[in-house]
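Input: a single structure, listed below in structure tokens.
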Amino acid sequence: MAPGSRSWGAVLLLAAVLPAACGSCGAEGGPLEPFDELYASGVEAYYGGDFAGAARCLEQALRSRRELRAERLRCRRRCRGQVRLAALGAGPAGELPFFWALLRRAGCLRSCEEPRLGATSRHRATEEVRSDFQRRVPYSYLQRAYIQLNKLEEAANAAHTFFMANPEHMEIQQDIENYKTTAGKVSLIDLEAKPHMEDYSAGVRHYDKEEYRLAITFLERALEGYYAEDEDCQIMCEGPQRFEEHEYLEYKAGLYEAIADHYMQVLACKHDCIRELATRSGRISPIENFLPLHYDYLQFAYYRVGDYVKALECARTYLLFHPDDEDVLENAAYYEDLLKGTLDLATIKPRKEAKALLRRHKLESHLLRVASIGLGFTYTEPNYWKRYGARQDEHSVPSSISSEPEDGPRLSLTKKPTPKPDRELKEGGPLLYSDVKFVYNSQQLNGTQRVLLDNVISEEQCRELHRVASGIMLAGDGYRGKTSPHTPNERFEGATVLKALKYGYEGRVPLKSARLFYDISEKARRIVESYFMLNSTLYFSYTHLVCRTALSGQQERRNDLSHPIHADNCLLDPEANECWKEPPAYTFRDYSALLYMNADFEGGEFIFTEMDAKTVTVSQCPFLVSSETAPCRSPMWSWSQTPSRALGHRDPRHGQCVPPSLPVFLQASIKPKCGRMVSFSSGGENPHGVKAVTKGQRCAVALWFTLDPLYRELVSLSITV
């Protein structure tokens, strides 16, 4: 598969028409080489088998893009300082000083940029190429080239950099795990990391560990980086613009209309810097409430280290963004009470940089709304300071505060409410069928909206489904024919309900058997809808009969997964501990279920993990993984614990035998067998995966459901034909 999983015709075409070959991409001196040409040369070299040349050109393409931005920032800052725009004067010639300054600044920019960059037109890459760099696609090529050159550490860093912007890319995720094994201890580095975002994440991690002084250090540094990056973003918006319905170069209006049209595009770009700075690389959605959250974390962190002045300063800064936040209002009042009599509270003001940013942001918003009416273009102001983002800590109120008299100040330091889901979460409804056996609920599986059931289908139905599967499944079905889409150590085969019915009507498989596939899927749907007590109809979104077969000769020392950890309706971002509900994820999926057909294979356990995609959730479910609960004895048990001949269980946390009287906490790892079904909500609350199938074939019916009828699977409409 091509590194970026897409067509590279445009890039290769560009490479074909370029005058310079890849060998010259390392030329020194002269103007900066355009990064899109270097990129095209690198891709051409990669597909031509010249991996050293590919690595050299791709490295220079990335460096050229960084240098281009740095040079433009340098020149624009310099010319801003050297040529100030003059105010408009009175009289017929009053505008001349302004336009004279405008012309001088334009000339300053050209004379500053041309020696290093050459003609401006040389550095205007296509939208497709800019998108590739935004998605970090060059690092996917680099990773493959480094592998061929046996540069494993560089390959690991390139893979990690690509993965940070593409957390849904399963092959890269598996490559990273392989690097950790083959290259030993690898310190993965994100080569395109945003410093302010990295510092923010580090600050939050220290905050969660109650390491408040370290949290303050990183969060304050994150704020410095944020405001510096905001200034850079503002400056970069002054370059060429091309928005929908605004083709500036073809604009035929008069002087002032043309200036206003272009300036509104620049202003809209500057206004959106807040969203840009809050968005992780490769993501579409920003971290909600990003900038205010810095001050929210800081106000509590400063309180915990005893700096009440800074705590009040940060609380008042946060209130600039959300003046009606009851929690922070209470906190600010409490800090004021602590400081009363020690200094003039009026001297403690919100931070100047935050006030200046908000003032500018409000003025930009006003100008955009006014201009949209006067110039006739559509503008809708986004909600840049959504309150959904909040501190996710659960610190209890300190005892010294709890002991205050009832009418005294109280400090609300508990977890802020998160947005309510669009439906009330329930479980424990009837299973509808007398033969279905309840096994474990969410609490016992240590999660949210989870259930484990047995006897959903019979042994005979499992055998019949196997017979149907053998006649209709195709290798790589659902994955564009890729026979090993998740791991090279297994063969993947699948078939949909629609295909089974089609083969049944054509007589290629017994119609009754094909109908069974649909009937058991409908049974599973009804059980899920009833058990989770849904108030609206649950529709099929996609139903897939899948088998995973271990490939002989490829199982020794295997350390990968059959299906990497993921969530079903969002893009799991383990580093950020987030799950982004945006394309290409199937955001319309609401519930999932796996109905197992057999147990005569080795490995293949289904596992739930935490959001970090590493920590397997823990459950008191001793029989779920039979290999981890084999009976055992230990001579070290005392008589007070258990009789000497009693059998115990092996605790998977440390591999030692523990007495039967002691609780054994096992991984929430479910061993498939005929008729067993696990079901769960499809969001980031339930990351899951499949352990490696090391021997035999594992088959199951995978079902995804939606509450939105617009995304219902068409087979449910055609079944009555």
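Packing-based ranking of 215-224, 682-691 yields 682-691, 215-224, ordered from highest to lowest mean Cβ neighbour count within 10 Å. At an R0 of 35 angstrom, the distance between the Cβ atoms of residue 526 and residue 208 translates into a FRET efficiency of 0.25.
Calculate, for residue 85 and residue 130, the FRET efficiency according to 1/(1 + (r/R0)^6) with r their C-beta to C-beta distance and R0 41 Å; round to the nearest 0.05. That gives a FRET efficiency of 0.90.
Beta carbons within 10 angstrom, averaged per residue: use that to sort the peptides 309-320, 456-467, highest first.
Put in order of decreasing packing, that is 309-320, 456-467.
The P(r) of the range 61-210 has a tail past 19 Å containing 69 percent of all C-alpha pairs. Structure note, pairs 151/691; 349/581; 502/695; 512/691; 426/523: Cα-Cα distances above 27 angstrom occur for 151/691; 349/581; 502/695; 512/691.
Ranked by the mean number of other Cβ atoms within 10 Å of their residues, highest first, the peptides 361-367, 260-266 fall in the order 260-266, 361-367.
Bear in mind these aren't lab numbers, they're just calculated from the coordinates by the rules spelled out. In this text the structure is predicted, and so the values were computed from the model without any measurement. Don't worry about glycine lacking a Cβ; one is built from the backbone with ideal geometry, like all the others, and counts go over all protein chains shown.
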